[in-house]
Amino acid sequence: MKLAEKFGGLFVRDKFDAGFRNALKRRQFNIVSKRDDGQYEVSNGTVMFTVDVSDARAAYEKSRSDEELDMLINRLEHDCLTKGRMVSFTNGQEFLRLLIMRDKDVTPDMISADFVEGLKKVAVYTPDDEIIHFLDEDTLKKWGVPREVVFSVADRNMCRILSKAEIKEETLGDGIKALDFKISAPAFCSSLIMCNEFRSAVYEKLGAKFLVVAPSRENLLVLKNITNNILEGLGTVILSEYRKAKNPLTTDVLLFTPQEIQVAGRFSIGRGEEDRTPVQVPQASVQTAEASSAPSENTVNVQP
């Protein structure tokens with residue numbers, strides 16, 4: 001074996017590491033330590049925090065593109081700047097968001113509150129609406145800010161995202177009206193249903209009573225005038241999206257009214273599959289005044 005083949009790898013410059021270090025240096029950040037699992041301890045002299053670059057490095061290793069490397073380094077640099085600003089509530093509040101999550105995925109150290117059965121709203125912060133970090137109790141204590149204020153500010157920021165959403169009204173068939181939401185931050189798409197202004201955004205197009213299905217955090221559909229046969233067909237799509245989603249959310253069908261949000265029912269994951277759903281509720285059928293009164297399996301019941 002030639003020496004170049006045997007020892008050449010020892011002298012190959014780690015472009016990713018070098019690029020990340022240079023980006024931090026430009027912003028007056030220092031790397032305190034580096035672990036083999038892709039974790040860097042970073043400090044700006046005032047605050048110290050951890051940055052996980054493992055996903056970014058994996059993306060670069062796959063593409064080996066200089067353009068991809070520049071994009072990833074810029075995102076990590078922005079992330080570090082955001083974490084540096086999170087030292088105070090005044091500087092960090094613009095980065096606060098609400099993330100909808102399954103009960104089973106929420107851990108005790110997260111700042112969370114009940115939303116509807118099986119789902120919680122969780123306070124997070126993000127530099128770019130793609131990289132998501134969870135708030136913790138230590139941060140709230142450092143800020144001296146109660147949970148209610150954090151949730152209120154996060155809701156305000158989510159309403160701003162909603163105000164910029166492209167809401168497209170479509171007809172699925174048989175006169176079924178549906179709304180499709182497109183936003184610049186897909187990771188927060190289904191989280192929009194927790195906004196204080198969500199109902200008013202839908203009222204304008206569908207009226208005061210409507211159904212919501214959100215099989216994943218990235219996919220949201222709002223419906224009106226659902227009948228048994230239409231929902232049964234839609235159920236196949238809901239279950240398929242839930243099973244393949246990176247961030248599965250719920251197979252529930254949620255009924256929004258002016259007074260409350262109810263879990264009207266849900267489609268069940270088949271026996272023998274991985275248990276990825278919340279606690280089951282009795283199943284019935286979705287129907288409007290025009291629908292058949294006979295219940296249908298794996299659907300829900302909505303009274304007109």
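Kindly provide the set of residues from the range 195-217 that are out of contact with any helix residue (DSSP H, G or I) (no Cβ under 7 Å at 6 or more places or on another chain) and either touching a residue at least 40 places away in the same chain (Cβ under 8 Å) or outside any helix (DSSP H, G or I) (or both), ordered by number. Hits for the range 195-217 are 199, 202, 207, 208, 209, 211. Quick one: would you say residue 150 is within 23 Å of residue 185 (Cβ to Cβ), modelled with pLDDT under 85 and among the β-branched types (Val, Ile, Thr)? Criteria not met by residue 150. Name every residue in the range 218-277 that is outside any strand (DSSP E or B), closer than 24 Å to residue 205 by Cβ, among the aliphatic types (A, V, I, L, M) and modelled with pLDDT under 90, in order of residue number. Scanning the range 218-277 gives 226, 230, 231, 234, 237, 238. Of the residues examined, residue 163 is not one that is polar (S, T, N, Q), open to solvent by less than 10 Å² (accessible area, probe 1.4 Å) and either at pLDDT below 95 or farther than 21 Å from residue 92 by Cα (or both).
Within the range 116-147, the set of residues being open to solvent by less than 20 Å² (accessible area, probe 1.4 Å), within 16 Å of the chain's Cα centre (by Cα) and either under 22 Å from residue 257 (Cα atoms) or modelled with pLDDT under 95 (or both) comprises 118, 119, 126, 127, 135.
Taken together, 218, 204, 197 contain a single residue that is under 12 Å from the mean Cα position of the chain (by Cα) and surrounded by fewer than 20 Cβ atoms within 10 Å (Cβ to Cβ), which is 218.
Taken over the range 172-189, the criterion of being within 9 Å of residue 129 (Cβ to Cβ) and either in a loop (DSSP other than H, G, I, E, B) or out of contact with any Asp or Glu (no Cβ under 7 Å at 6 or more places or on another chain) (or both) is satisfied by 183, 184, 185.
Taken over the range 181-194, the criterion of being within 12 Å of the chain's Cα centre (by Cα) and among the polar types (S, T, N, Q) is satisfied by 190, 191. Residue pairs whose Cβ atoms lie under 8 Å apart, separated by 6 or more positions or on different chains, with the first residue in the range 233-252 and surrounded by fewer than 21 Cβ atoms within 10 Å (Cβ to Cβ) and the second of a type in the set (A, V, I, L, M), are 239/269; 243/269; 247/187.
The values are calculated or read from the model by the stated rules, or taken from the named source; none is laboratory data. A quick note: this is a predicted structure, and the numbers were derived from the prediction, not measured. We place every Cβ from the backbone using ideal geometry, glycine too, and count neighbours over all the protein chains shown. Quick note on the areas: whole protein, heavy atoms, side chains included, nothing else; ligands and nucleic acids left out. Shrake-Rupley method; radii C 1.70, N 1.55, O 1.52, S 1.80 Å.
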